[in-house]
Structure formats: C-alpha cells, structure tokens
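To keep things clear, I will list the structure first and then write my remarks on it.
The values are calculated or read from the model by the stated rules, or taken from the named source; none is laboratory data. None of these values were measured; they are calculated from a predicted model. Please note: Cβ atoms are built from the backbone with ideal geometry, for glycine as well, and neighbour counts cover all protein chains shown. The protein model used for the area step is the full one, side chains on, heavy atoms only, and it has no ligands, DNA or RNA in it. Shrake-Rupley method; radii C 1.70, N 1.55, O 1.52, S 1.80 Å.
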Amino acid sequence: MDFSVNQQALAYLASAVLFILGLKGLTHPATARRGNLYGMLGMLIAVVATLLGREVQSYGFIIAGLAGGAVIGSIVAMRIQMTAMPQLVAALHSFVGLAAVLVGIGTFFHKASAGLLNPVLMGEISAGVVIGAITFTGSVIAFGKLQGLLSGAPVKFTGQHLLNALIGLATIALAVHFAMTGSLWSLFLMTILALVIGVTLIIPIGGADMPVIISMLNSYSGWAAAATGFTLHNNLLIIVGALVGCSGAILSFIMCKAMNRSIINVVFGGFGSDGGSADSAGAQAAEKGVKSAAVEDAVYWMEDAGKVIIVPGYGMAVAQAQHALKEMMELLNARGVEVKFAIHPVAGRMPGHMNVLLAEADIPYDQVLEMDEINSEFPGTDVVLVVGANDVVNPAAKEDPTSPIYGMPILEAGKARQVYFLKRSMRPGYSGVDNLLFYQDNTYLVFGDAKDTIEGMNTALKGGGH
Amino acid sequence: MPEALDPSLVALYVFVLACFIGYWVIWGVTPSLHTPLVALTNAISGIVLVGAMLVAGDPEAGVLVQLIGFLAVLLASINVFGGFLVTHRMLSMFKKKK
C-alpha cells in the first residue's frame, strides 16, 4: 500500500497533535506517563506514514538503522544511572545535531541528483546544517564537561568574542555563497566552521551553568529539527522542532532567572570554576569562625522536631545519598516528625535533576516542594538539613550587594531554628562565593561524606534517642 | 487559476503558530518534571528520523547518499528509543504518598 501525499500529511497531523498532548501530559506527574505514551504513538504513526509514502523506495538501510538504533537506545536507556541523566541528555542532543547535519547534506546530494536545487532550498539546507553542527559539537563538549573528560572550568582567552564573531560572519557568508551557487566547497567549509562554533560557544561556559547549557542545547536541537523541516517542506518536523526549541528556550529562561543572570551573561560570562583545595576542613572552619557539630547533635534536635526540611544539591547526587535520605525520612516520620524536601530550580546539573533522584529513592513527589512553594515554611521549621547544596541557600544573595550571586533567589534555610550543613570540606560552592550562612548563630557544619553522615544519623535514630 | 502560495511561506506559518503552542504548553509543565521534559523533547526531536528515512530510502540517489541516510537513521532512532524509554523509566519512579 502506498500513502498519497495527502494521506501522509493527515497522519503527520495526527502525530503532531499526539506530541502536543504528550508534552501537555507533563503538567502533572499523574498524567505524565500517559503523555509519554502519546509521544510514542505519535512517533510510531510518523514513522509508518513515512515508510508507506512514495518517496521511500528501498528499505534495507532504513531497517538496519532502525534496528541498530533500537538496540543501542534501549540498552542505554535501561542501564543509565539517574545521576548520569545530564550526560545522557547531552549525548542524545549531539545525535540530533549530527543527524540534522547528515540529513541536510544528504538532501543536498539527493536533490542535486534529481536537479531540484534552488536558492531557497539551499538556504534552508544551510540553516539546518549550521544549527545541527553547532548542536552536535556543543553537546559533545557539554558531555565531556559533565562526564569529567574535560575540565568544568571556563576556557577563556583574549579576543575570544571577536574570534567567535568572525567565525560566525564567515559561516553566514559561506551559507549565502552556497545558497547562491550550490558550491560543494562552501557547504563543507560552512559545516566545518559551524562545528568549530559549537566548541567555542560552549567552552567558555563554566560547570556551574550546566543546567543552562543543557537547556540551551535542548533548544538548539529543536531549532535544528525545525530547520530540517523547512528543508524537506515537512510540517511535522517544523512543528516538533518549534515545540522542542520553545521548551529548551523556556527552560534556559527559568534557569537564568533562578540565578538572577541574563542568558547573554551566561553565554559570554564564563562563571564558576572547579573550586579550591580541600585541606583540613575542621581547621579551616574554626579559623573562619564557624561551628561544627557531630552527627549525634543533629539527631538530638531532629528526633524531637515538629518539622524537618531537607535541602539537597548536586553533592547529594555525587554521594548517592538519596536512598539514605529516604530511610531518614521514614525514621523521622515514624517518630511523628514532618519531613519535606526543598528544591532550588538550579540544584543539580540539569533542570529538575534533584526531583528525579529523589523519585528514584521512592520519596513521594508530594513531599518534594519547589522554592516558591516552600520558602514561607522555613521560619516555622525546627531543623534544616542541607545535603550537598551551597549557593542556593547563601544569604549573601539577599544581603551582600557586592556578592557575585547578589539578587539570585534562594531557599531561605537560614530562617529555620537550626541549620545543619552536611559538607565534605570548607570548599566554597560552584560559584566560588563564601557562604554567609556558615557564620550564622543557628548554623552547624557536619563534616564528612554525605551518605556516610546520613547513614550515621539513621543508625542513631534507630538507636532510640538519648 | 489564482496565484499559489509559496510553500516556504506556508512552512513559516506553521512554524510561528507551533512556537506559540509550544510556549503555552511548556509553561504549564510542572518544574518537578523538568528532567523528564528534557528527555521527552529529546525523544520527539528524534523526528528528524523522518528526514533521515527520506534520504536513506531513495536508491536513485546513490549508495553514498543512502549511507549518509543510514547513519542519520541510526542516530535519530537511538534518540527516539533511548529518549522515550528513559522518560518512561523516570516517570514510573514518580509516586504519590501511599
């Protein structure tokens, strides 16, 4: 059976609607899984409609590619650790980017052999190839930074912005030349320069801005798909590309707002480093006039508390402490203590990262609250436990106009009766800014690995008090 | 016969309107599901698979072009399968208090 162009367009419309409903499903955790199923169904319809269309005449390469992708994709998706989601996402973004480049170049040869080239088409091919290439190498660099293959520190040198601007202009010039003449050389040079831009655009961005990088590349991958849609005059690709592009752009906006920085500042700012040395945590702490506390002190106050709020950060993920926290929540609940989790929008390495890690540990999502929902609750809270977070609770953001993080919205943990900070060392947070909360009278630092410390607290809680 | 609309202009219409839909739908997504959102958008941006199949599926374009298409199909379908499955895995973890 062959689908006519019109039948195919109707099928594509159905799958576009399913994708929109799928994203809409993520409005609430209760409808989210159904949303994902809508997405899968939409994709199935799109693939089948394409295969049945008249343009697809041979199936060998397609089936081989689909089968390979199914095996690799499924294995990776099933094996990946939740802490490594940012890396997986970066890798998948790079695949979309590279696929868009290949489709653009392939379409050029395809149309050239059929004698169907024209300047508008070649302009559209250029857009798809350039955006795809930037997405590809940008995501590879992001993957390297997340996986620790590359340093998380921003790479900066003099004349960097000028160099970027020059490469950008040269790429545009080549794209115009290619669109006018169809020169193969221009196409290849343009592709190579766009690949370079992807690298130079991401290396100056520091590790602290990973949530923004991930969101930005998510957006780029969408625009790459949309540009491919223009090339192929395929409305489904255009719609999906626009949806994904918007999604990434909105996430970038939310992340930037949560850090009180503009996207320009993130892209060109080069903020954050790998942090300093980590020698003798206790001695440094005493020098700076902060109080450290033992596990038992924290437990003593928590077991009789009315309410405990836990603030997790990326350090929790590194220490894999989420399962120990779940046990702590149960132990405290059994004693009649109310336990909630407070999430800052930029906690972790990608938007919503903490929520997934807590969900993985079986912590119910209705006990995990966002910053705006929970900030009013801190003054009535007995104990706040900060696990591997730092900048997101730093009062300097509110009190010190000279601080680089001034103006950033924070979790107001310092307003609770007592704050226990689980820390490995006195090393400052990602921003490199000293945390004023450490010096507050009601703050105590508990040094050690987050997971070991929490497991120690759990043992003490099981021991049945003092 | 009236003058026909340029197909690129039709595409632009679709694009702009889809951006508006995206804007409103995405702002409705709950922040706790932002990671699954990124994974799901990743999966559906694997829709470039459609373009890849068109490149891989035309024998008249030559084997080289089909090979380029094959590679694109492979990459895009890793995205599709990997993206949807990992989203499913994550979403199954989100549970309400018993």
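Things worth noting here:
- Counted residue by residue at 0.36 nm each, then reduced by the alpha carbon distance between them, the extension gain from A:Val71 to A:Gln147 reaches 25.1 nm.
- Within the protein assembly as shown, all pairs of alpha-carbon atoms sorted by distance into 20 Å bins from zero give the percentages 22, 49, 24, 5, 0.
- Residue by residue along A:52-65, Cβ atoms of other protein chains within 10 Å of the local Cβ number 6 on average.
- For chymotrypsin sites (Phe, Trp or Tyr not before Pro), the sites in region A:6-87 that DSSP calls loop and that have at most 14 other Cβ atoms within 10 Å are A:Tyr59.
- The stretch between A:Thr459 and A:Arg417 holds 12.7 nm of extra length on full extension. This uses 0.36 nm per residue minus the Cα-Cα distance.
- Burial order of peptide ranges A:353-360, A:419-426, A:222-229 (average beta-carbon count within 10 Å, highest first): A:222-229, A:353-360, A:419-426
- Taking every alpha-carbon pair under 8 Å whose residues sit at least 6 apart, chain A reaches a relative contact order of 14 percent.
- Based on Cα contacts under 8 Å between residues 6+ apart, region A:83-268 shows a relative contact order of 27 percent.
- Averaging over all projection directions, the Cα-based convex hull of region A:287-463 occupies 9.1 nm² in the image plane.
- In this structure, B:Tyr13 and A:Val318 have a Cβ-Cβ separation that, at R0 = 51 Å, corresponds to a calculated FRET efficiency of about 0.60.
- Region A:1-79: C-alpha pair distances exceeding 14 Å, %: 69
- Under the simplified labelling scheme, the A:Asn442-A:Glu330 pair shows an inter-label distance of 3.1 nm, with each label point 7 Å from Cα along Cα→Cβ.
- Counting Cβ atoms of other protein chains within 10 Å of each Cβ in A:227-238 and taking the mean gives 6.
- Using a 1.4 angstrom probe on protein heavy atoms only, the contact between A and B buries about 8200 square angstrom of accessible area, both sides summed.
- The Cα-based radius of gyration of region B:7-93, divided by its Kirkwood radius, gives an Rg/Rh of 1.10.
- Cα centroids of region A:366-421 and region B:28-71: 41 Å apart.
- Pairwise centroid distance, computed over Cα atoms, of region A:21-48 with region A:177-233, Å: 28
- On a per residue basis, region A:287-463 carries 36 Å² of accessible surface, using protein heavy atoms and a 1.4 Å probe.
- Highest average packing first - B:38-44, A:178-184, Cβ atoms within 10 Å: B:38-44, A:178-184
- What region B:1-95 shows is 38 Å² of accessible area per residue, with the surface traced by a 1.4 Å probe over protein heavy atoms.
- The mean number of Cβ atoms from other chains found within 10 Å of a Cβ in peptide A:344-354 is 3, as a whole number.
- Dipole of chain A, positive direction: furthest Cα of A:Tyr420, A:Ile214, A:Ala460, with charges on the beta-carbon: A:Ile214
- Distance between the 7 Å Cα→Cβ label points at A:Lys291 and A:Asp366: 3.7 nm.
- Each residue, A:Leu163 and A:Ile63, gets one label point 7 Å from its Cα in the Cβ direction; the gap between the two is 4.9 nm.
- Fraction of accessible area attributable to carbon and sulfur, chain A (%, probe 1.4 Å): 63
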